[in-house]
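Trainee: I am attaching a structure below and will ask some questions about it afterwards.
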Amino acid sequence: MNIQKETGQPVRIAFFDIDGTLIPFRQTALSPRQEAALRALQDQGILVVAASGRPPYIIPDFGFDARIGFNGALAVNRDGTVIHESAIRPDLLQRCCEFLQKHGVGMILAGEADMGADWVDPRLQEYLSLASQKVTADPDFASRLEKPCLQIIAAVPEDLRPALLQEIPELAVFGWNPHGVDITARNVSKGEALKAVCAWYGIPVEQSIAFGDAMNDKELLEAAGIAVAMGNAQEGLKELADTVTDPVEEDGIWTELVRRKLAG
């Protein structure tokens, strides 16, 4: 059992952002060393958890023990049992959709099981392409307003985002990329989901480690026992991390876990 100097505790659970952390943007497969890193953790009985802005059903199947999706609005275990969930209030969903439609912004409404767009906005397609996904228009999009929605994915330009927040301050807007935003209920964050997953498995948060690259990983790293930013991470994330590892293209997760004697 490897005691980590930052916490004086062993690592029992590890959280990983996907795009830009486990895999480079617009890629779909783990490198051999990144895959070996995950398996090395599991061979030691350490739980491996995805923590992504993606819906859980488009998180790649890398053998995760649990998945956090929608920037923390939903967490499920390996068999799909819901650990944590926070949907957007129906009235706020309606107001947000009206705002986006008024400004000609394409959107996707994502529920627990599937998602669909009102129309194929090229800007939204550019945003989804970062995760190797395509926008699919739903001819029955209006019916999605009557169903629980965990996240709105929208091609909101950067200069329109302050107006969106002013119009509907009860929502959280994750604007880590210039091509689009993820919109959730106000109390949502990957950090709160990390705490919920740790509680579910009976593991103190001090015995967790988390890896990320973008500012939607900020709360994840703040909540974790050990916070690791990728070498390609945004500068604000590097500043709050306990350590900065190599970039994702250089298998930074493998490098850090070997350094900590958790792999290799």
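Trainee: Might you report the magnitude of the Cβ-based charge dipole of segment 113-264 about its Cα centre, with Lys and Arg at +1 and Asp and Glu at -1, to the nearest 20 debye?
Mentor: Details: 13 positive and 26 negative charges, 83 e Å.
Here the size comes out at about 400 debye.
Trainee: Counting only protein heavy atoms and a 1.4 Å probe, tell me what percentage of segment 187-247's accessible area is made up of carbon and sulfur. Spell out each step's value before the answer.
Mentor: Details: 980 of 2130 Å².
Exposed carbon and sulfur together represent 46 percent of the surface.
Trainee: Which parts of segment 103-123 would a label at ALA142 reach, counting a residue when its backbone N lies under 17 Å from a point 7 Å out along Cα-to-Cβ?
Mentor: 109, 117-119
Trainee: If you work out volume of the Cα convex hull per residue in Å³ from the coordinates, which of (i) 143; (ii) 220; (iii) 113 do you get?
Mentor: Recomputing volume of the Cα convex hull per residue in Å³ here gives the entry labelled (iii).
Trainee: Between LEU130, LEU165, LEU22, which gets the highest mean-square fluctuation from a Gaussian network model of the chain, Cα cutoff 10 Å?
Mentor: It is LEU165.
Trainee: Could you give the distance between the Cα centres of segment 148-180 and segment 107-128, to the whole Å?
Mentor: Cα centroid of segment 148-180 versus Cα centroid of segment 107-128: 13 Å apart.
Trainee: Follow-up question, since we're still on this one. Restricting to DSSP H runs of at least four residues, report the calculated mean residue ellipticity at 222 nm for the chain, -39500 (n - 2.57) per run over all residues, nearest 500 deg cm²/dmol.
Mentor: One gets -7500 deg cm²/dmol as the mean residue ellipticity at 222 nm.
Trainee: Quick one: helix 90-102 against the long Cα principal axis of the chain, what's the angle to the nearest 10°, folded into 0 to 90?
Mentor: Roughly 70 degrees between the two axes.
Trainee: Classify segment 86-192: rounded, prolate or oblate, from the alpha-carbon gyration tensor (a ≥ b ≥ c, eigenvalue square roots; a/c under 1.5 rounded; otherwise prolate if a/b is larger than b/c)?
Mentor: Details: a/c = 1.24, a/b = 1.07, b/c = 1.15.
Since a/c stays below 1.5, the shape of segment 86-192 is classed as rounded.
Trainee: Something else about it: Give the carbon-plus-sulfur fraction of the accessible surface of segment 1-115 in %, rounded to a whole number; probe 1.4 Å, heavy atoms of protein chains only.
Mentor: On the way: 2270 of 4690 Å².
With neighbouring chains kept in place, the figure for segment 1-115 is 48 percent.
Trainee: Just how many pairs of Lys in the chain have C-alpha atoms closer than 15 Å, counting pairs that are eight or more places apart or on different chains?
Mentor: Working: LYS5/LYS261; LYS190/LYS218; LYS195/LYS218; LYS218/LYS238.
Count of close lysine pairs: 4.
Trainee: With charges set only on the Cβ (+1 for Lys and Arg, -1 for Asp and Glu), what does the dipole of the chain come to about its Cα centre, in debye to the nearest 20?
Mentor: 420
Trainee: Let me ask another. Let me know the shape class of segment 145-264, please: from the alpha-carbon gyration tensor, a ≥ b ≥ c as square roots of the eigenvalues, rounded when a/c is under 1.5, otherwise prolate if a/b is greater than b/c, or oblate. Don't jump to the answer; show the numbers that get you there.
Mentor: On the way: a/c = 2.58, a/b = 1.56, b/c = 1.66.
Because a/c hits 1.5 or more and a/b fails to exceed b/c, segment 145-264 counts as oblate.
Trainee: With a 1.4 Å probe and all protein chains in place, put ASP246, ASP138, ASP61 in order of accessible area, largest first.
Mentor: Ranking ASP246, ASP138, ASP61 by accessible area, largest first, yields ASP61, ASP246, ASP138.
Trainee: Using the heavy atoms of the protein chains alone and a 1.4 angstrom probe, what is the accessible area of segment 1-137 per residue in square angstrom?
Mentor: 42
The values are calculated or read from the model by the stated rules, or taken from the named source; none is laboratory data. The structure presented is a predicted model; accordingly, all values stated were derived computationally and were not measured. Cβ sites come from the backbone with ideal geometry, for glycine too, and all protein chains shown count toward neighbours. Side chains included, ligands, DNA and RNA excluded: accessible areas come from the protein's heavy atoms. Shrake-Rupley method; radii C 1.70, N 1.55, O 1.52, S 1.80 Å.
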